[in-house]
Structures are given as C-alpha cells and as structure tokens.
There are 2 protein chains.
Amino acid sequence: MRISSRCEYGLRAMVYLAARGDERPVPLPEIAAEEGIPAPFLERILARLREGGLVKATRGVTGGYQLARESAGIAVGDIVTALEGPLSLVGCVPDEEACARAESCASRVVWRRLDEAISGALNGITLEDLTREAVPR
Amino acid sequence: MRISSRCEYGLRAMVYLAARGDERPVPLPEIAAEEGIPAPFLERILARLREGGLVKATRGVTGGYQLARESAGIAVGDIVTALEGPLSLVGCVPDEEACARAESCASRVVWRRLDEAISGALNGITLEDLTREAVPR
DNA sequence: CTAATCCCAACCTAAAAGGTCGGCATTATG
DNA sequence: CATAATGCCGACCTTTTAGGTTGGGATTAG
C-alpha cells in the first residue's frame, strides 16, 4: 500500500501547471527539468492525464501542456483516479459479486470505511487549494 | 494503490480467531479451510502476525493460534502494520530527509492528509467491533 | 511411536513498477 | 519550403513485488 511514483510525479506536474498560470502552454521538458522527473516517463504520465481530460496539449513548436479547466475544478482525487484507476482498494467494495462471502464479511466493512476515508481526503483538496498553500479543513 | 491479498487474508484470519473465541488454540488448517485461504500462504501471514505480537501459537498436536490479547485491544491498523509495515504511503511524510524539495512541496500536504485519513480509519476499528458487527462512527 | 501441529528457509512464476528508445505527426518561424 | 521544437505512440527493457509452493525440521498429546 504505497503511492506510486507515477502518482507523485503526476500530482507534482499538475501543481506545477497550476502554479505556472494559463497564459501559454508549458513544454514538457520544462516541467521535467523543474520537477526532476525523467522526461520520457513524464510523457507517459501526461498522456494519461490528457486521456482523463485533466490537461490539454498543443503540438508544434510553441506547444505544451495546460490544465484542461480551472484549477479550482480539479481535485487531487481526479488526478489519482486518472493515473491509477478507481480509488477503491479492494475489489469487493464496489463490486459485490467479486467475493462469494461478501454479504457476511466483516472485513468488508473495514475496507469500505477505508475507501470512504481516502476518497474524502483526496476529493476534498483541489489544485487551487494547493497553489494557495491553503488546504481546507 | 491496492490492498494486498496478504492483508485481506490476514484480517479475515484475525476476525475468524476473534469470533472463534479463546478457549483453545485454532489450528491453521481450520482457518485456511473456513476462510478459503491457501494454507502455506496463511502460514507465512500468521508468522508475521506472531512476530508483530498479535497472535500466539502453541505447537504440538492440539496446538494452533490464538489472539495474543483481547480483541478490543487489537485495531485493524495494528494488523495492517504488522503485515505491510508502516502505514505511510510516501517516504517523505515520516522522513523529511527523503526528498530535497520537502519543505516547499505542496504535494506533501496531500500525502500527509491522506496518511492521517488512513490511520484514522484503520486505528478506529478493533477486532471486537468487527465481531459485534458494530463498527463505531 | 505416531500423527498433528507449528516453524523456517529456499525457491518459483507472473505481474507490476518504473523507465527507456525510436520514430512519426504537427506547427511556428526563418 | 526547411527546420527544429514540440507532442504522440508503440515496443521494449529491468527490477521489484505479489502471491504463492516445497521440503524439511522441531514439538507435543495420545
């Protein structure tokens, strides 16, 4: 149970984009250099974020990446979900069919609570919060 | 970011032990059969739980496993920690040295919040709660 | 003594993590 | 138009982790 570096990098890149403003696209090499992320790896991360509708890219010589919408509208949970798939930690929580014992399973209660705690924490913080260094409580 | 089956199995085994009462040791094969866990794998899981001081084993022909203390004194977080190591999701939260950018890192705030949410959820439920099907809120 | 149990080290396979590489498509600029 | 900076994409690679299995030894009640 560990956060992947893909996810750490992805969040940092998004925070960088948010902090950098939206005037013009930010080229990938700049993000990679500033944040110390291997460029080819970052490329694959940004691809996922683009597929998830969180960033938009413009090609060509003055191209780069921008947030797809205002930073207040992007929660950390959105980023993690785009990079890692559904937040849920065990298969049986969203999908009752996944386990034959589901209805009588006391453990399931635990994992559901954990899922709620995680979603709550991640969906409660937006990129805007992070750039203002003011995280809501 | 997924719960390992080691962890799922471990929790289920602990719940089984708690529900089974403390009269006499429960043999591993029984737990394995009842919970549908591969016996040799369960053996390794119980080894960790024993090293973590959560169960005690008695050897010999009427031997088996028992909770090391009353079920009200064992939180789910204890079990996960014994099986997976510290709950923390990223290195830089407990150990500031792990990342050169730590002090200026906005992302770090996120991971810390997440850590707190997870610890809170897991440490707030004990085995006793689970056997009574009454989970505190 | 025997059989059921726990204990332990070594090994195995498949999948995921964490990248890298090479080439193509797009586009502003000279 | 040629060029160079960018994004896009599929294939590949290496290391670590997950999820076990195997084979044997040590204990102990009957």
For A:GLU84, net neighbour charge (Lys/Arg +1, Asp/Glu -1) across residues whose Cβ lies under 10 Å away: +3
Relative packing of peptides B:77-89, A:34-46 - highest average C-beta neighbours within 10 Å first: B:77-89, A:34-46
P(r) of region B:26-78 over all Cα-Cα pairs, binned every 5 Å from zero, in whole percent: 5, 19, 27, 27, 18, 3, 0
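Would you mind getting me the FRET efficiency between A:SER5 and B:ARG69? Use the beta-carbon distance for r and R0 = 41 Å, nearest 0.05.
Working: r = 38 Å, r/R0 = 0.93.
So the FRET efficiency works out to roughly 0.60.
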Where N is the number of residues in the protein assembly as shown, Cα Rg divided by 2.2 N^0.38 Å: 1.19
Set of region B:44-76 residues, backbone N closer than 14 Å to the point 7 Å along the Cα-Cβ line of B:ASN123: B:74-76
Residue mean of other protein chain beta carbons inside 10 Å, B:78-87: 1
Shape box of region B:5-128 [Cα atoms, principal axes, largest first, Å]: 59, 27, 22
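Given a cut-off of under 8 Å on Cα pairs at least six residues apart, what relative contact order in percent is computed for chain B? Intermediate results must be reported in sequence, preceding the final value.
Numbers: 151 pairs, mean separation 35.5, N = 137.
About 26 percent, as a whole number.
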Interface size A-B, as summed buried accessible area [1.4 Å probe, Å², nearest 100]: 3600
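Need one value for A:112-122: mean number of C-beta atoms belonging to other chains within 10 Å of its residues' C-beta atoms.
Details: counts 2, 9, 9, 2, 2, 9, 6, 1, 4, 11, 4.
Neighbouring Cβ atoms belonging to other protein chains average 5 per residue here.
Using the Kirkwood radius built from alpha carbon pairs, what does the Stokes-Einstein equation give as D for region B:9-55 at 25 °C and 0.890 mPa s, in µm² per second?
Values: Rh = 10.6 Å.
It comes out at roughly 231 µm²/s.
The values are calculated or read from the model by the stated rules, or taken from the named source; none is laboratory data. Everything quoted here is computed from the prediction, not taken from an experiment. Ideal geometry is used to build each Cβ from the backbone, glycine not excepted, and the neighbour counts take in all protein chains shown. These accessible areas exclude ligands, DNA and RNA; they are computed on the full protein's heavy atoms, side chains included. Shrake-Rupley method; radii C 1.70, N 1.55, O 1.52, S 1.80 Å.
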